[in-house]
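Visitor: Here you go, one structure.
The values are calculated or read from the model by the stated rules, or taken from the named source; none is laboratory data. Since we're looking at a predicted model, the values are computed, not measured. For neighbour counting, all protein chains shown are included, and Cβ atoms are generated from backbone atoms with ideal geometry for every residue, glycine included.
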Amino acid sequence: MADVVKIATRESYGNALAECGKDFPELVVLDADLAGATKTGVFKKAFPDRHIDCGIAECNMTGIAAGLATCGKIPFISSFAMFAAGRNFEQVRNSIGYPHLNVKIGATHAGITVGEDGATHQCNEDVALMRTIPGMTVIVPSDDVEAKAAVRAAIEMEGPVYCRFGRAAVPVINDKPDYKFEIGKGVLLREGTDVTIVASGITVASSLEAAEKLAAEGISAEVINIHTIKPLDEEIILTSAKKTGKVVTAEEHSVIGGLGSAVCDVLCEKMPTPVLKIGMYDKFGESGPANALVAKYGLDAEGIYSKVKDFVK
Amino acid sequence: MNKLELQKTANEVRKGIVTAVHSAKAGHPGGSLSAADIFTYLYFEEMNIDPKDPKKADRDRFVLSKGHTAPGYYSALANRGYFPVEDLKTLRHLGSYLQGHPCMQETPGVDMSSGSLGQGISAAVGMALAAKLDGKDYRTYTLLGDGEIQEGQVWEAAMFAGARNLDNLVVIVDNNGLQIDGKIEDVCSPYPIDKKFEAFNFHVINIDGNDFDQIDAAFKEAKATKGMPTAIIAKTVKGKGVSFMENNAGWHGKAPNDEEYATAMADLEKIGAELGGAK
């Protein structure tokens, strides 16, 4: 996969906002002094009057977005996941979630692929926080194509949406003519019979690669891309679990509360199935290049391959 | 409305407050009573609103940032005709549209859900910003507690509003001097409040917030102020109008029992009589 095109989903986010600006005159984008990093600067260039820099004050930004939404605007607020979901949790819950306002949250720099900035900025807890808020839609796109589609779909739907983007460039895997994005609909990327790998975000590409390696050893892995963690596509997971009888979840997030937990919630109630969760195992990250961290914490193709292999034998 | 009419109306709003909190057997009478004159002025004199069309386009907006004083807010809305005054007795009851803290989906006339302190002012700033972005001339008002301004988010919002010259925004601080744990200066002093807002590029007006002449003058001055938001620091009496609640931190979040309720209503009836009977 050496010559695969790689694009960071935060780039996709900024580009998608700029593209949507024309189609949605009510779209306004708020940032907290990170327009360069979150890539909302692309939108700012195209629509300077509709880009509002709130300064380094994420909680206030969130409240401003709530107020704007009550007046008919469609605000997309942007910051790093650590601040958009972490620092902001209660503002998102009470000022956006409780009144179910039409505010979208673009959280970039999620997970350990933040890289060199280290643990303080590597948010592995945001999905857990956001999916507990009633009425919140949570989307974790896997590549450029999906991230752009997610931004548009978030704007088109009514109600609060949390979109999770990454800092590091990831392979483009969804550039197919028949690709269709639908909130709440998982995507069966590869059929298999021995084990199901459910992935989201950056682990989708590495799970596909891991499945290839597993196939070479006679293990048939099914790969499902769950881009929408809430509402979760239960049907696609149950159907696959019934077929394979073993489920692995892979995510760039804590194994507590994220995709793995969401999948377990469904399986343990509706179809008890052995599950292996791959993710951050109740640990903080650290400084280092993104790819080195992904390898160290076992979220790359090699890590997923070896864990799945142990699990199915 | 003239001053006497406003005073009579505020007295009715106060009766609604104690009646609602008594019926709920819980709630926040002290800060509702202190702000009753401000609620009354906003909804009976100042704001461009229509109780028959609560979501009217381009209406003025109000956010109760100190959301725990919902009884004062609800009583003003009910007396203004948004919903029956009789329904105030359902406050905090299971199934009531009058939640313990304001809920915009439940209650006619409520522009923003609030109650977690420090957050309402940001939403009000967002509303004021929306008006500016759309070139509309509606105005946004938000009422904060003097204890509430200990929340850091208040100053994030103030910084933004001042920096953006949001002259369509009026922040009112109900300076009744008391919070749950005691006097605000003993708990963690926010004084000087006026100087702080001035430093954030606000036009600041200090008034007696239980005096309609001063309230009226302040809101007129705010409307005439261009290029900067206005902060009205309203010195008030917590529990105003109910003898045993006045200046007593113990009545911040406590409901009167039947006997206390009778005394409170007698106090307010007496004030009403002195003002010249029913409005």
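Visitor: Check A:103, A:114, A:127, A:187 and return the single one that is under 26 Å from residue A:22 (Cα atoms), at pLDDT 95 or above and among the aliphatic types (A, V, I, L, M).
Guide: From the options A:103, A:114, A:127, A:187, the qualifying one is A:103.
Visitor: From the residues in segment B:130-142 that are within 18 Å of the chain's Cα centre (by Cα) and not in a loop (DSSP other than H, G, I, E, B), which one is nearest to the other protein chains (Cβ to nearest Cβ)?
Guide: Once the filter is applied, the top-ranked residue is B:140.
Visitor: Which one is surrounded by the fewest Cβ atoms within 10 Å (Cβ to Cβ) among residues in segment B:165-193 that are of a type in the set (D, E, K, R) and in contact with a helix residue (DSSP H, G or I) (Cβ under 7 Å, 6 or more places away or on another chain)?
Guide: B:181
Visitor: Within segment A:22-47, track down each residue that is of a type outside the set (Val, Ile, Thr) and either part of a helix (DSSP H, G or I) or without any contact (Cβ under 8 Å) to a residue 12 or more places away in the chain (or both).
Guide: Correct list: A:22, A:23, A:25, A:35, A:36, A:37, A:41, A:43, A:44, A:45, A:46.
Visitor: Working carefully through the options A:18, A:57, A:69, find the one that is within 23 Å of residue B:114 (Cβ to Cβ) and more than 7 Å from chain B (Cβ to nearest Cβ).
Guide: Just a single option satisfies the conditions, and that option is A:69.
Visitor: If residue A:80 meets every condition in (1) under 22 Å from the mean Cα position of the chain (by Cα); (2) within 8 Å of chain B (Cβ to nearest Cβ); (3) of a type in the set (A, V, I, L, M, F, W, C) apart from one, which number is that one?
Guide: (2)
Visitor: Sticking with this structure for a sec: Taking residue B:156 and the conditions (1) over 22 Å from residue A:52 (Cα atoms); (2) crowded, with 24+ Cβ neighbours inside 10 Å, which numbered condition does it fall short on, given that it satisfies the others?
Guide: So the condition that residue B:156 fails would be (1).
Visitor: With (1) more than 30 Å from residue A:49 (Cβ to Cβ); (2) assigned to a loop (DSSP other than H, G, I, E, B) as the list, and residue B:206 as the residue in question, which single condition is left unmet?
Guide: Result: residue B:206 fails condition (2) only.
Visitor: Conditions first: (1) more than 22 Å from residue A:97 (Cα to Cα); (2) part of a helix (DSSP H, G or I). Residue B:50 passes all but one, so which condition is the exception?
Guide: Only one criterion in (1) more than 22 Å from residue A:97 (Cα to Cα); (2) part of a helix (DSSP H, G or I) is unmet by residue B:50, namely (2).
Visitor: Quick one: residue B:216 ticks every box in (1) more than 14 Å from every other protein chain (Cβ to nearest Cβ); (2) buried (at least 20 other Cβ atoms within 10 Å of the Cβ); (3) under 18 Å from residue B:141 (Cα atoms) bar one, so which box is it?
Guide: Here residue B:216 clears every test but (2).
Visitor: Oh, and also: Restricting the search to segment A:288-306, which residues are in contact (Cβ under 8 Å) with a residue 24 or more places away in the chain, among the aliphatic types (A, V, I, L, M) and surrounded by fewer than 24 Cβ atoms within 10 Å (Cβ to Cβ)?
Guide: Answer for segment A:288-306, where residues must be in contact (Cβ under 8 Å) with a residue 24 or more places away in the chain, among the aliphatic types (A, V, I, L, M) and surrounded by fewer than 24 Cβ atoms within 10 Å (Cβ to Cβ): A:290, A:301.
Visitor: Then there's this: Is there a residue being within 21 Å of residue A:100 (Cβ to Cβ) and hydrophobic (A, V, I, L, M, F, W, C) anywhere in segment B:130-148?
Guide: yes
Visitor: Continuing with the same structure: Would you mention how many residues in segment A:167-196 are in contact with a Lys or Arg (Cβ under 9 Å, 6 or more places away or on another chain) and outside any loop (DSSP other than H, G, I, E, B)?
Guide: So the count comes out to 6.
Visitor: Among the residues in segment A:129-148, are any within 18 Å of residue A:304 (Cβ to Cβ), among the polar types (S, T, N, Q) and touching a residue at least 60 places away in the same chain (Cβ under 8 Å)?
Guide: Yes, there is a match, as at least one residue in segment A:129-148 is within 18 Å of residue A:304 (Cβ to Cβ), among the polar types (S, T, N, Q) and touching a residue at least 60 places away in the same chain (Cβ under 8 Å).
Visitor: Okay, next question. Buried (at least 24 other Cβ atoms within 10 Å of the Cβ), more than 9 Å from every other protein chain (Cβ to nearest Cβ) and at pLDDT 95 or above - does that describe any residue in segment B:110-129?
Guide: yes
Visitor: Given B:156, B:148, which one is more than 11 Å from every other protein chain (Cβ to nearest Cβ), closer than 19 Å to residue B:190 by Cα and charged (D, E, K, R)?
Guide: Only one candidate qualifies: B:148.
Visitor: Kindly check whether there is at least one residue in segment B:90-99 that is free of Cβ contacts under 8 Å to residues at least 40 places away in the same chain and either under 21 Å from residue A:95 (Cβ atoms) or within 7 Å of chain A (Cβ to nearest Cβ) (or both).
Guide: Yes; the residues of segment B:90-99 include at least one that is free of Cβ contacts under 8 Å to residues at least 40 places away in the same chain and either under 21 Å from residue A:95 (Cβ atoms) or within 7 Å of chain A (Cβ to nearest Cβ) (or both).
Visitor: Sticking with this one: Consider residue B:62 against the criteria (1) surrounded by 23 or more Cβ atoms within 10 Å (Cβ to Cβ); (2) more than 14 Å from chain A (Cβ to nearest Cβ); (3) of a type outside the set (Ser, Thr, Tyr): it satisfies all of them except one. Which criterion is unmet?
Guide: Condition (2) is where residue B:62 drops out.
Visitor: Also, quick follow-up: Looking at (1) among the acidic types (Asp, Glu); (2) at pLDDT 95 or above; (3) farther than 22 Å from residue A:138 by Cα, can you tell me which one residue A:178 breaks?
Guide: All conditions are met except number (2).
Visitor: Identify, by number, the condition in (1) at the interface with chain B (Cβ under 7 Å from one of its Cβ atoms); (2) in contact (Cβ under 8 Å) with a residue 24 or more places away in the chain; (3) farther than 16 Å from residue A:27 by Cα; (4) crowded, with 24+ Cβ neighbours inside 10 Å that residue A:85 doesn't meet.
Guide: Condition not satisfied by residue A:85: (1).
Visitor: Scan segment A:101-124 and tell me whether some residue there is closer than 30 Å to residue B:136 by Cβ, out of contact with any strand residue (DSSP E or B) (no Cβ under 8 Å at 6 or more places or on another chain) and not small (Gly, Ala, Ser).
Guide: The answer is yes; a qualifying residue exists.
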